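The values are calculated or read from the model by the stated rules, or taken from the named source; none is laboratory data. This structure is a prediction, so every number in the text was calculated from the model and none was measured. Don't worry about glycine lacking a Cβ; one is built from the backbone with ideal geometry, like all the others, and counts go over all protein chains shown.
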Amino acid sequence: MFHVVLVAFEGPDRYSFVGGLATRMTDLSGALLDRGHRVHHLFVGDPSLPTREERFEGQLVLQRWSQWISRYHPRDVYDGEDGKYLDFSRTVPPHLANVVIPAATTRGERSVVLFEDWQTAAAAINTATLLSARADRSAALFWNANNTYGFGRIDFPLLRRAVSITTISRYMRMELAKVDVEAAVLPNGIADRYLKPLAATDVTAMRKAFGDRPTFVKVARFDVDKRWLWAIDAIATMRDAGMRPRFIMRGSRSPYAETVGDRIFGRGLTVERLALPQGASSRDLAAAIATTNAEVVFLDFFIDEKALRSLYAAADGVLANSEKEPFGLVGLEVMASGGIAYLGRTGEDYAVPFGNAIVVQSDDPRELLTSYLTLRERPELGRSIRTDGRATAKRFAWPRILEGYESVWETAFALTS
């Protein structure tokens, strides 16, 4: 068994839980614990919570970093990002090299340190430098690229000499090749809990709330790469065709939200806002949606995971149609929930057009209408996509994916022995 150290900006706190990286870190931690590994997760955490927290009888350690900066930037983990990056890069390496890794060595454990995304690249280099200076081979260091954000701020020639580099898809391996980096592909996974069947009554209640209106869902950051404008234009196109669509959406705190709002109003779509208490159930959400008449329903609250999965399962489609999608974690979550994922044209190694998902192949917003009509006229095809999607999701559950990770870790130690 390994002592696995996860180093990332995002983590399980609401303050740190912004996107797919937090999901990856949190669910990977759980899967590693289930396999008997010890886990130490170091991240930029909520400034109001303890600096160090132990769970599961000490098998999981949560360590919140840069809290003194976060107190001045209370919005979320990326508020004051540059200051946190500089502090992280300077102070995390000596803590790992002098405290965390030696403690594991004393317990007779081998440490695997996984640095995630551009904000941790300098910390990875500096940690490797400290360990190399004293010929310490008790840890294997990896840096993983989840996306291309911040590539311009990474010293790749130095990074590739300091640590092993991995990424999550063939698309990302090609992106790294552009900066002369050879990376191993270790795909993302989803938590086992996503494979558990939803309560049929919850999904039925959601579908009843939708009525006979074509209903699509999009939950993503407000960012140009998420292709929100295409989604809005596609809904407007369906409306113009007399289809009475409903678009249920949730975004993020971002200046791009204004661009999305301008497009909604520019296309003349009606909007209603739903704000439910935290922890609202699937039935609560379904009841609230049933009262709406607008073409766009904005969910202005943190959605419970089970309620979100019921929404995915009941909808005619979930628009995870990013312009550049490094992996497509949401697509797998939709598939595991029994939904139909509308995916983008890059990154989703697991996607089979009209096999287990719909792949948006063009910039023409009419494509959503034609795909919807195809599935409406051929309901057996829709059922087949949902069934194959569930089977695909099972292949990407963390317990199966981790076999590859552990093999790579063992190889890293074998090469240094």
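Please list, ordered by residue number, the helices (runs of 4 or more DSSP H) wholly in the stretch 90-184 having 3 or more residues that are more than 23 Å from the chain's Cα centre (by Cα) and touching a residue at least 12 places away in the same chain (Cβ under 8 Å).
Numbers: elements: 101-106, 121-133, 156-162, 170-177.
The helices (runs of 4 or more DSSP H) meeting that bar are 101-106, 121-133, 156-162.
Within the stretch 215-229, how many residues turn out to be touching a residue at least 40 places away in the same chain (Cβ under 8 Å), in a helix (DSSP H, G or I) and surrounded by fewer than 21 Cβ atoms within 10 Å (Cβ to Cβ)? Outline the logic, then answer.
Taking the stretch 215-229 as the starting set, the residues that turn out to be touching a residue at least 40 places away in the same chain (Cβ under 8 Å) are 215-221, 224-227.
Now drop any that are not in a helix (DSSP H, G or I), which leaves 224-226.
Subset that is surrounded by fewer than 21 Cβ atoms within 10 Å (Cβ to Cβ): 224-225.
Residues that pass the stated criteria total 2.
Would you confirm, using the coordinates I've provided, whether LEU158 is of a type outside the set (Gly, Ala, Ser), more than 19 Å from VAL408 (Cα to Cα) and touching a helix residue (DSSP H, G or I) at 6+ places or on another chain (Cβ under 6 Å)? Explain how you work it out, then say what you get.
On the way: of a type outside the set (Gly, Ala, Ser): yes; more than 19 Å from VAL408 (Cα to Cα): yes; touching a helix residue (DSSP H, G or I) at 6+ places or on another chain (Cβ under 6 Å): yes.
When the stated conditions are applied, LEU158 passes them.
Does any residue of the stretch 328-348 turn out to be under 18 Å from the mean Cα position of the chain (by Cα), buried (at least 22 other Cβ atoms within 10 Å of the Cβ) and basic (Lys, Arg)?
No, the conditions are met nowhere in the stretch 328-348.
Which of (1) under 20 Å from ARG221 (Cβ atoms); (2) surrounded by fewer than 17 Cβ atoms within 10 Å (Cβ to Cβ); (3) of a type in the set (Val, Ile, Thr) is the odd one out, the single condition ILE264 does not satisfy?
Among (1) under 20 Å from ARG221 (Cβ atoms); (2) surrounded by fewer than 17 Cβ atoms within 10 Å (Cβ to Cβ); (3) of a type in the set (Val, Ile, Thr), the lone unmet condition for ILE264 is (2).
So, of the residues in the stretch 375-417 that are in contact with a helix residue (DSSP H, G or I) (Cβ under 7 Å, 6 or more places away or on another chain), part of a helix (DSSP H, G or I) and not small (Gly, Ala, Ser), which turns out to be surrounded by the fewest Cβ atoms within 10 Å (Cβ to Cβ)?
Step one: of the stretch 375-417, the residues in contact with a helix residue (DSSP H, G or I) (Cβ under 7 Å, 6 or more places away or on another chain) are 375, 381-382, 389-390, 392-394, 396-399, 402.
Still in the running and part of a helix (DSSP H, G or I): 375, 381-382, 389-390, 392-394, 398-399, 402.
Adding the requirement that they be not small (Gly, Ala, Ser) leaves 375, 381, 390, 392, 394, 398-399, 402.
On the way: LEU375: 19, LEU381: 14, ARG390: 18, THR392: 20, LYS394: 16, TRP398: 22, PRO399: 12, LEU402: 19.
Across the stretch 375-417, the extreme among qualifying residues is PRO399.
Which one of these does LYS208 not meet: (1) assigned to a helix (DSSP H, G or I); (2) among the basic types (Lys, Arg); (3) at pLDDT below 95?
Single failed check for LYS208: (3).
I need the full set of residues from the stretch 228-261 which are among the aliphatic types (A, V, I, L, M) and either outside the structural domain of VAL359 (by TED's automatic domain parsing) or within 30 Å of VAL77 (Cβ to Cβ) (or both), in order please. Even if it seems obvious, please write down each step before you answer.
So in the stretch 228-261, the residues among the aliphatic types (A, V, I, L, M) come out as 229, 231-232, 234-236, 238, 241, 243, 248-249, 257, 260.
Scanning the stretch 228-261 gives LEU229, ALA231, ILE232, ILE248, MET249, ALA257, VAL260.
Counting only residues that are within 23 Å of ARG227 (Cβ to Cβ), assigned to a helix (DSSP H, G or I) and basic (Lys, Arg), how many does the stretch 259-316 have?
Qualifying residue count for the region: 2.
Among the residues of the stretch 364-374, which ones are assigned to a helix (DSSP H, G or I), in contact (Cβ under 8 Å) with a residue 40 or more places away in the chain and not small (Gly, Ala, Ser)?
Within the stretch 364-374, the first condition is being assigned to a helix (DSSP H, G or I), and the residues that meet it are 366-374.
Next, from what is left, pick out any that are in contact (Cβ under 8 Å) with a residue 40 or more places away in the chain: 366-369, 371-372.
Scanning the stretch 364-374 gives ARG366, GLU367, LEU368, LEU369, TYR372.
With a cut-off of at least 2 residues that are in contact (Cβ under 8 Å) with a residue 24 or more places away in the chain, name the strands (runs of 3 or more DSSP E) lying wholly within the stretch 1-63.
On the way: elements: 2-7, 38-44, 52-55.
The strands (runs of 3 or more DSSP E) meeting that bar are 2-7, 38-44.
Any idea which residue in the stretch 185-196 is farthest from LYS306 (Cα to Cα), counting only those that are surrounded by fewer than 19 Cβ atoms within 10 Å (Cβ to Cβ) and touching a Lys or Arg at 6+ places or on another chain (Cβ under 8 Å)?
Here the answer is VAL185.
Among the numbered criteria (1) out of contact with any Gly (no Cβ under 8 Å at 6 or more places or on another chain); (2) buried (at least 22 other Cβ atoms within 10 Å of the Cβ), which one does VAL44 miss?
(1)
Kindly check whether there is at least one residue in the stretch 197-206 that is under 25 Å from the mean Cα position of the chain (by Cα), of a type in the set (A, V, I, L, M, F, W, C), within 30 Å of ALA294 (Cα to Cα) and buried (at least 21 other Cβ atoms within 10 Å of the Cβ). Break it down stepwise before answering.
Taking the stretch 197-206 first, the residues under 25 Å from the mean Cα position of the chain (by Cα) are 197-199, 202-203, 206.
Still in the list and also of a type in the set (A, V, I, L, M, F, W, C): 198-199, 203, 206.
Adding the requirement that they be within 30 Å of ALA294 (Cα to Cα) leaves 198-199, 203, 206.
If we keep only those that are buried (at least 21 other Cβ atoms within 10 Å of the Cβ) as well, we get 203, 206.
Checked the stretch 197-206: at least one residue is under 25 Å from the mean Cα position of the chain (by Cα), of a type in the set (A, V, I, L, M, F, W, C), within 30 Å of ALA294 (Cα to Cα) and buried (at least 21 other Cβ atoms within 10 Å of the Cβ).
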